[in-house]
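Q: The structure under discussion is supplied below as structure tokens; questions concerning it will follow.
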Amino acid sequence: MTDVFSEKLAAWRDYTETPWARIRYGVVGEVLQRQTEHLGKQIRVLDVGGGDGMDALPLALAGHDVTIVDPSAEWLEEATRRAATAGTNITTIRGGLDDLPDGEWDLVMCHFVLRYRSGADRDVATLASHVRPGGRLSIMDVNPDGRVLRELLNSGPAAALAELQAERAKVETFQTDARKVNVDTIAREATEAGMTPVGVYGNRIANDLLVDNTAKHDPAFFEDLLALELGLCDREPFNRVGFAWQLILQR
């Protein structure tokens, strides 16, 4: 899958400038910042499949020791460039989930990676084994239920039904597809690996219910939308209907 991602890096850069991407990173940043409050002022962070460093960069800027593991050299170069431009440092290691360095970290992140894995490997257990006792694990992926609602709003009931029944999910940005990953399944696997769920957070909840993107480019509207997203992200049932879910667990 490395070539698929590397070839689409330019398209990804364009995506990260959109209001809906800024919503996505804004909410993730807040959720991760809440975790660091429980873990210490200067913690060790391992970002598995961290790519261009967009999730990890705010943690590095906050003074934490951040390491990104990713199979794409191009994306790791992007992470290094972003960190240098922001005035901080990020350690990068080229490799995948099967190539993680030895050791334990205060916070391990694995965002939008499991969907590209077969599901047959002990991925969640591997991630859990790299979390120090008392540390936390953040797993994030696209929400299959949220995709159904988005298709309903954008394309109608027939498209929503097709999405509901599809075995795999399309990934438009990278022009590929991926398996559907359910948060409850991952929570169960993590629990079996000795982790305790702390919370489930939704991402791009209100944003994806607003089909017309025009107003999102207005700064005042965007700030209101982000504030709403932050208010909804940890509240049932809203946290179950967004574009993505983020599961936080503690070892």
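The values are calculated or read from the model by the stated rules, or taken from the named source; none is laboratory data. No experiment lies behind these values; they were computed from the predicted model shown. Virtual Cβ from ideal backbone geometry, glycine too; neighbours counted across all protein chains shown. We work out accessible area using only protein heavy atoms, side chains counted, and drop any ligands, DNA or RNA first. Shrake-Rupley method; radii C 1.70, N 1.55, O 1.52, S 1.80 Å.
Q: Binning at 5 Å from 0, report for the range 87-137 what percent of all alpha-carbon pair distances ends up in each bin.
A: Result, from short to long distances: 4, 17, 28, 25, 17, 6, 2, 0, 0 percent.
Q: Strictly greater than 25 Å: what percent of every Cα pair in the range 1-136 meets that?
A: Working: 2027 of 9180 pairs.
Cα-Cα pairs in the range 1-136 separated by more than 25 Å: 22 percent.
Q: Around residue 56, under 13 Å between beta carbons, what's the net of Lys plus Arg minus Asp minus Glu among the other residues? Don't skip to the answer; put the middle values down first.
A: Numbers: positive: 44, 82; negative: 47, 52, 55, 65, 70, 78.
With Lys, Arg at +1 and Asp, Glu at -1, the net is -4.
Q: About the Cα centre of the chain, what is the dipole size in debye to 20, counting +1 per Lys and Arg Cβ and -1 per Asp and Glu Cβ, all else neutral? Don't skip to the end; give the middle numbers.
A: Values: 27 positive and 39 negative charges, 67 e Å.
The calculated dipole for the chain is roughly 320 debye.
Q: So, one more: Does the range 137-177 classify as rounded, prolate or oblate by the C-alpha gyration tensor (a ≥ b ≥ c root eigenvalues; a/c under 1.5 gives rounded; else a/b over b/c gives prolate, otherwise oblate)?
A: On the way: a/c = 2.05, a/b = 1.55, b/c = 1.32.
In terms of gyration-tensor shape, prolate.
Q: Keeping the other protein chains in place, figure out the carbon and sulfur percent of the accessible area of the chain, with a 1.4 Å probe.
A: On the way: 5920 of 11800 Å².
Percent of accessible area from carbon and sulfur atoms in the chain: 50.
Q: Give the whole-number value, in cubic angstrom per residue, of the convex hull volume spanned by the C-alpha atoms of the chain. All intermediate terms of the calculation are to be shown ahead of the outcome.
A: Values: hull volume 30.8 nm³, N = 251.
Enclosed volume per residue, from the Cα hull, is 123 Å³.
Q: List the aspartates and glutamates whose alpha-carbon lies under 20 Å from that of residue 8, not counting same-chain residues fewer than 8 positions away?
A: Counting by Cα, and skipping residues close in sequence, residue 8 has these aspartates and glutamates nearby: 17, 52, 55, 70, 74, 77, 78, 141, 172, 177.
Q: Can you list which of the trypsin sites (Lys or Arg not before Pro) found in the range 106-163 are DSSP loop residues with at most 14 other C-beta atoms within 10 Å?
A: On the way: sites: 115, 117, 122, 136, 147, 150; in loops: 117, 122.
When the trypsin sites (Lys or Arg not before Pro) of the range 106-163 are filtered for loop state and at most 14 Cβ neighbours within 10 Å, 122 remain.
Q: Hey, another quick one. Compute the signed sum of charges (Lys and Arg +1, Asp and Glu -1) over the other residues within less than 11 Å, Cβ to Cβ, of residue 38. Each step should come with its number before you reach the end.
A: Working: positive: 34, 136; negative: 37, 106.
Surrounding charge for residue 38 is 0.
Q: Apply the a/c threshold of 1.5 to the C-alpha gyration tensor of the range 121-251 and tell me whether it is rounded, prolate or oblate.
A: Details: a/c = 2.38, a/b = 1.42, b/c = 1.68.
Cα axes put the range 121-251 in the oblate bin.
Q: Now a separate question. Kindly provide the helix-only [θ] at 222 nm of the chain, computed as the sum of -39,500 (n - 2.57) over DSSP H runs of four or more divided by all residues, to the nearest 500 deg cm²/dmol?
A: Numbers: 10 runs with 106 residues, N = 251.
Taken over the chain, the calculation gives -12500 deg cm²/dmol.
Q: Let me check I've understood the local charge: for residue 125, count other residues with C-beta under 15 angstrom from its C-beta, Lys and Arg +1, Asp and Glu -1. What total comes out? Spell out each step's value before the answer.
A: Working: positive: 117, 122, 188, 251; negative: 98, 104, 121, 123, 189, 192.
Here the charged neighbours net out to -2.
Q: Between residue 170 and residue 89, take the C-beta separation as r, use R0 = 45 Å, and let me know the FRET efficiency to the nearest 0.05. Present the calculation step by step, with values, prior to reporting the outcome.
A: Working: r = 36 Å, r/R0 = 0.81.
Here the calculated transfer efficiency is 0.80.
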